[in-house]
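Below: one structure, written as structure tokens.
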Amino acid sequence: MFISAFQVHIFGTAFGGFLAQMYAKNRPRRVESLILCNSYCDSTSFSVNVPLFGMYAIYICLFNCLSLRI
């Protein structure tokens with residue numbers, strides 16, 4: 001299923017807010033507005049606790065999946 005909208009409104013909370021920020025940073029023309037609630041601004045603390053699979057790696061996986069469809 002594909003979304004036919006050129007620009008989207010994104011709401012993100014907690015780690016979803018971090019992912020929304022990264023998406024907006026990498027695809028600024030695709031984001032009409034960005035709404036954040038209790039959002040993370042950095043995933044360093046996660047990657048320190050789990051060095052082999054930090055949160056940034058999860059973001060890359062999700063971003064690649066979303067990029068193919070949105």
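None of the figures in this text is laboratory data; all of them are computed from the coordinates on show. Keep in mind that what you see is a predicted model, and the values were worked out from it rather than measured. So basically every Cβ, Gly included, is an ideal-geometry build from the backbone, and we count neighbours across all protein chains shown.
Applying 1/(1 + (r/R0)^6) with R0 = 30 Å to the Cβ-Cβ distance of Asp42 and His9, what FRET efficiency is obtained, to the nearest 0.05?
On the way: r = 24 Å, r/R0 = 0.79.
E(calc), rounded to 0.05, equals 0.80.
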Q: Using a 10 Å cut-off on Cβ atoms, rank the peptides 13-23, 30-40 from the highest mean neighbour count down.
A: 13-23, 30-40
